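Contents: one structure, followed by commentary.
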Amino acid sequence: MKSLKYSIIFGFALIIALVASCKKKESDETPAPSPEALTPYNLYCPPYFPQLVIPADNQLSVEGVELGRKLYYDSIISNDGRACANCHTQQYAFTNPVPNSLAHMNLAWNNKFLWNGLVEGKLEDIMAFEVNVFFMTNTTKLNNSATYPALFKKVFNSTPITTKQVAYALAQFVRTQASTNSKFDKYLRYETTLTSSEMNGFVLYNSEKGDCFHCHSLGLFNDNAYHNNGIDSAFVGVNRGRYNVTGNANDMGKWKTPTLRNVELTAPYMHDGRFATLEDVIEHYNSGVKQSSTLDPIFSKPTHLFGLQLTTQQKADLVAFLKTLTDTTFINNPALSHP
């Protein structure tokens, strides 16, 4: 009986010791850190823009946008001294006249990227392409830097820094590169009026005579689509455009429609920069469209078979209207400048 009694006492003692040991382990463990509170960033979307969709896993924050801005201007993301801002300069509406890059402007509302649409989807997808393919970003440099680990930890609450996080931070900043305050925007808000020449150009732009609005619809002034606009009749190499991505013969010579916002600042024009001025572009549509099997049907309309046949004044009016799309607030916004 004594041995049974001692066995029971020993058993209870062992259970108590185990429970105490478990409690001790629980209390000794350091709780997982909670993510730091981030400040929501509210991006203005004009009522005449498409609905703004931001991925649930990359919601805008002030801290995330600032991290993306810092990366955008920092050559640390490349291996040869380049930064995003080298090809996307603010004074040119975040394009550049030398490499003829598409403008980083209102891309938050786009789902097709690069001239031939090599990347489609979300802004995170094109930024992932830039990070992994274009820049081949070495995250070791970021992880070993004096400043970036803490900034990434605050925004993404994880370590080490990954290329996905770099792409997501860049996407946050590029989403804020929104041009919404041109003279034309102010006109739509009843804050200003257009001159007679600007108004004549606006009417012409939206008429079947000028026929600009089909591809450059009001709001974003592009249609997020691909078109063969008659700049070539034969297609070789890179000039095959969208075809080089899809292999579909119907895509031969088609290119992404660029936005006309800030078009006064984004010369030269077309994917290869062949037109130096807005006047050159308008004259192309007026008299220089080249025929091919994939030419956009707009140019096959009976009224367009011999070009638009615009008068000198009509061409000048179109240029005057296009210049109302220049947004000086955008190109001088300190929040988009080098930090």
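The values are calculated or read from the model by the stated rules, or taken from the named source; none is laboratory data. Quick caveat, the model's predicted, so the values are computed rather than measured. Positions of Cβ are backbone-derived with ideal geometry, glycine not excepted, and every protein chain shown enters the neighbour counts.
Within segment 106-125, track down each residue that is in contact (Cβ under 8 Å) with a residue 40 or more places away in the chain, over 11 Å from residue 225 (Cα atoms) and charged (D, E, K, R).
If the condition is that a residue be in contact (Cβ under 8 Å) with a residue 40 or more places away in the chain, over 11 Å from residue 225 (Cα atoms) and charged (D, E, K, R), then 122, 124 are the ones that fit.
If you go through segment 91-121 one residue at a time, how many are farther than 13 Å from residue 256 by Cβ and surrounded by 19 or more Cβ atoms within 10 Å (Cβ to Cβ)?
Matching residues across segment 91-121 total 8.
Yes or no, residue by residue, for (1) outside the structural domain of residue 214 (by TED's automatic domain parsing); (2) among the β-branched types (Val, Ile, Thr); (3) within 19 Å of residue 198 (Cβ to Cβ):
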{"position": "233", "(1), (2), (3)": "no, no, no"}
{"position": "251", "(1), (2), (3)": "no, no, no"}
{"position": "257", "(1), (2), (3)": "no, yes, no"}
{"position": "262", "(1), (2), (3)": "no, no, yes"}
{"position": "267", "(1), (2), (3)": "no, no, no"}
{"position": "278", "(1), (2), (3)": "no, no, yes"}
{"position": "337", "(1), (2), (3)": "yes, no, no"}
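For segment 148-180, name all the residues that are in contact (Cβ under 8 Å) with a residue 40 or more places away in the chain and of a type in the set (S, T, N, Q).
157, 172, 176, 177, 179, 180
Of all residues being surrounded by fewer than 18 Cβ atoms within 10 Å (Cβ to Cβ) and modelled with pLDDT of 90 or more in segment 299-313, which is farthest from residue 252 (Cα to Cα)? Just the residue, please.
Once the filter is applied, the top-ranked residue is 313.
Can you pull out the residues in segment 316-330 that are buried (at least 20 other Cβ atoms within 10 Å of the Cβ) and not β-branched (Val, Ile, Thr)?
Of everything in segment 316-330, those that are buried (at least 20 other Cβ atoms within 10 Å of the Cβ) and not β-branched (Val, Ile, Thr) turn out to be 317, 318, 321, 322, 325, 327, 330.
Take residue 314 and decide whether it is assigned to a loop (DSSP other than H, G, I, E, B) and over 29 Å from the mean Cα position of the chain (by Cα).
Criteria not met by residue 314.
Tally up the residues in segment 261-292 that are surrounded by 21 or more Cβ atoms within 10 Å (Cβ to Cβ), out of contact with any strand residue (DSSP E or B) (no Cβ under 7 Å at 6 or more places or on another chain) and either part of a loop (DSSP other than H, G, I, E, B) or of a type in the set (D, E, K, R) (or both), please.
Residues flagged as surrounded by 21 or more Cβ atoms within 10 Å (Cβ to Cβ), out of contact with any strand residue (DSSP E or B) (no Cβ under 7 Å at 6 or more places or on another chain) and either part of a loop (DSSP other than H, G, I, E, B) or of a type in the set (D, E, K, R) (or both) within segment 261-292 amount to 2.
For segment 293-310, which residues satisfy the criterion of being under 14 Å from residue 207 (Cβ atoms) and outside any helix (DSSP H, G or I)?
Of everything in segment 293-310, those that are under 14 Å from residue 207 (Cβ atoms) and outside any helix (DSSP H, G or I) turn out to be 301, 308, 309, 310.
Checking the conditions here, which among 326, 257 is closer than 18 Å to residue 182 by Cβ, at pLDDT 95 or above and under 19 Å from the mean Cα position of the chain (by Cα)?
326
Restricting to segment 221-232, give me the number of residues that are assigned to a loop (DSSP other than H, G, I, E, B) and under 30 Å from residue 51 (Cβ atoms).
Within segment 221-232, residues that are assigned to a loop (DSSP other than H, G, I, E, B) and under 30 Å from residue 51 (Cβ atoms) number 7.
Pull up segment 56-81, narrow it to residues that are surrounded by fewer than 18 Cβ atoms within 10 Å (Cβ to Cβ) and in contact with a strand residue (DSSP E or B) (Cβ under 9 Å, 6 or more places away or on another chain), then point me to the one that is nearest to residue 127 (Cα to Cα).
59
Residues of segment 127-147 being in contact (Cβ under 8 Å) with a residue 24 or more places away in the chain, out of contact with any Ser or Thr (no Cβ under 8 Å at 6 or more places or on another chain) and in a helix (DSSP H, G or I), which ones?
Across segment 127-147, the qualifying residues are 127, 130, 141, 142.
Any chance you could count how many residues in segment 233-260 are assigned to a loop (DSSP other than H, G, I, E, B), touching a residue at least 40 places away in the same chain (Cβ under 8 Å) and surrounded by fewer than 18 Cβ atoms within 10 Å (Cβ to Cβ)?
Looking only at that region, the number is 3.
How many residues are assigned to a helix (DSSP H, G or I), over 25 Å from the mean Cα position of the chain (by Cα) and more than 25 Å from residue 92 (Cα to Cα) when one looks only at segment 161-196?
1
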